[in-house]
Each structure stands twice: as structure tokens, then as C-alpha cells.
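No lab work stands behind these numbers, since they all come straight from the coordinates. All of these numbers come straight from a predicted model, not from anything done at the bench. Cβ atoms come from the backbone with ideal geometry, glycine included; neighbour counts cover every protein chain shown.
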Amino acid sequence: MADKYTDTNLLFPLQNNSTSTSSSGSSSGATFDSNIDKPTVTVTDDPSYFVRFTTSTFSGNGTHISTDYIVYAQSDLNKLNPLLNITKADEKIQYTALPSDFDGSTGETDLFVEARHKSDLNAYSPWSTAVNFTLTIPTPTIDSIANDSGNSQTVITTSAYTGDGTHAETDWELFEYYDDVNSATPVFTSYNDTSNLTSITVAHSSLTGGSGRYKVRARHRNNFATPLVTSYSNPSSHSTDPIFTAEYIVGYFGGGDTGSASNRIDGITFSSETRVAISATLSVSRKQLAGVNSTTNGYFGGGHTSSNQNLIDGIQFSDESATNPSAALMVARRDLAGVNSTTKGYFAGGYDDADYTTEIDGITFATETVINPSAALYEARYSLAGVNSTTNGYFGGGRDGAFKD
């Protein structure tokens, strides 16, 4: 570790950056030689080495034996409390600073550096012109949120750390979906986390009692003596906060007839049995449609406006935004029913304006492409209902001119 020079003879001559008019002189005990050129200093910044200072080559009387470097904050232009004040003999032209060298750090990021050369004649050059530089940590983003296949935990991942110093800690916060993150109490926190720097796994059991829908933010911290801390990822608005669902907790209803066909989507929170009002709507207003769902999306198929529809559209559960896949029903119809497995949704029966139908068609969730199995209803009918397990779907009742059992 390099010795640190904190004598005021090093510090106070910083007030004078001019070359002495005599061949030698002293100020506060420090000897200057006008025949030693005033150096220049440049700053390069890279996460792999924190920060690097490079001076011009020594020029003047004697031999270059060391360089003094001083770093101070914008708030301390009189240099009374330098963040770094060091003499380097081994790195007299290029000094790679370490976070531990900044023992006086107060978390300041807008900084200045100056340097001067010393000869073997115990004489100093003038101090270099101050160079301004900034230490930064970019605000992270939430790059991915993924529930496991059993829906028992969620893995949250941030962007990689790219700031000054090295990534030392991350703060994680989870809030209820409707909370204001600037005032609400988080439902889950992991502060000063040294183990989960860019990824954390949150067990849904630790979120018991919540609504089941959450938003998350994170911030990074570096390894400075007094660390720099980033802003939290993303602003605190519903449109941009990363949102995830920890369990199946909301049901959605789409379309219908209010005197005319509707495009409304709303729903119910199962735990509290309260209404959910969202901004997403169906792409086409219609009534007498049917719904199916995967674990991530809900789809509404068919229906009627001024004519029967073959449209499939719906909602993405994670952010309650509208989705409108290119897939469409094989037969445009109304008064149909829907069932789904974990991978596919099926629409069956209905009325196609010409007659009642036995049609079964649908959508593959992963690709949002249409499917048209060879299976058909035993009887053509409309106004039927559907239920399903994870393996089978069943359609009951309906009408084919007479009510069916």
C-alpha cells in the first residue's frame, strides 16, 4: 500500500498553480523549481480498475522520483478536506487508484484531481491544472421476472453492474401492485444484500397476506469506503414498474351487452373479492363471447357485434395490458364456450348465423397460433358452458332449438 502524505506542505501549495519567477523558491516549506515543467493530468474511468490518473512525462531539472496527487470534491474547492492526498513513487506517471485510497470519502461524486512532480533535488513542479471527473453508478433495470413452474417462487434479475468500483451490495424492495413506492411499506425487503447482487429468488410463502400482485425495484451499491448508491430502478408509476403475480389471484371478464356490445375488461381479486378496474380493453366491442387462459395471458374468442366474430384478443396478466394475437377462430360465431389446458385454449359450439355448430378450435398459448383439432362436439349447439381440469375439458348444456341436458 502506498504511503499517504498528509502534511500541509503538500496540501496548501495547491492554491498556487503558477510557475515561480525564480529558479527556486518555497511556499509553506515546499520547494518549487521553475525549471520543472508543470505537468498535465488526465483521468480514465473503467469498472475494472476504479479510476486511473495519468500525468505528462517529467521534464526539467533533476530526475523524477515521485508524484503527488490530490482529489477533492466540488463542495470543497478550497481543498480543506481532500478525499485523497497521496505521494506515489511506484506509480509516478500513471496511478491506478483503489477505493480504499479514498479513506476520506463522503459519498461525493463530482470530483477534481491535481498532480505535481518531485525531483531528486527535493524540488517540486507547480501543481497541474485541476481536472474535473465524476464517479458514477448507472441505475439498474429489472431485466427479468419469472415464476417457477410450480408457482411457488419468483426469480428477479437486474441488469449487470457497470459503475465505478465494484458491485458490493444490492437493495431489493417489493410492494403491493397498487402501492406508491415512495410512501408505502414494502412487503418484502433484502437490504445490503451481498449474496444476491443481480438476481434474487423470492418465495411466495414469504409474501403471504398480500394481494398476490407485486412490483419490484432494486438499487446497486459499490465498494467505496463510503459507498456510492444508485437511484432505484424505474420510476414509481404503474406503467413502468416491473410487475409480477405471485399466485392466481385475479379473474377477468371481457365484453358483454350493456344495450350495445362492450369492449370493457374488468375483474375480481379473489382474496378480497373486490373489483379490479383496468385500462386495457378488447380490440373489438362484442357480446356473447367466451374466455380461456394460460398462466400468463387471458384470451377472449368469438362473439357478436353487428355480425359474428372470429377474433381472439385478450389481456397479459403481468401488466394488465391488451394483447391481440394474429390467431383467429376457424369459424366466426357467437354463444360459444371455452376450456383450457396448461398449454392450449379451446372454443367449442356456438351459432354461426347459418346454424348451430359442433366446431372445436382454439389457440396454442406459447406461440399464439390457431389450432383446429379433429374432435367435435357430439351435438351442435350454442349457449353451452365449459369447465376443465388440467387434463380434460367438458362442455355441458346449451341449445339446438331445444334446451339440452
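Residues whose amide H lies under 5 Å from that of R213, counting only those 5 or more places away or on a different chain, are Y177, A246; hydrogens are built 1.01 Å from N in the peptide plane. The value of relative contact order for the range 250-396, using C-alpha pairs under 8 Å at least six residues apart, is 16 percent.
Put simply, the amide H of G362, placed in the peptide plane, has neighbours under 5 Å in M330, F347, I371, leaving out anything fewer than 5 places away on its chain.
For the range 250-396, with the dipole built from +1 on Lys and Arg beta-carbon atoms and -1 on Asp and Glu ones, taken about the Cα centre, which of I278, L384, F395 lies farthest toward the positive end? Going by the charge dipole, the pick is I278. Residues whose amide H falls under 5 Å from that of T31, counting only those 5 or more places apart or on a different chain, are Y124, with hydrogens built in the peptide plane. Within the straight-line cut-off of under 17 Å between alpha carbons, the aspartates and glutamates reachable from K38 are D68, E114, D120, sequence neighbours fewer than 8 places apart in one chain being disregarded.
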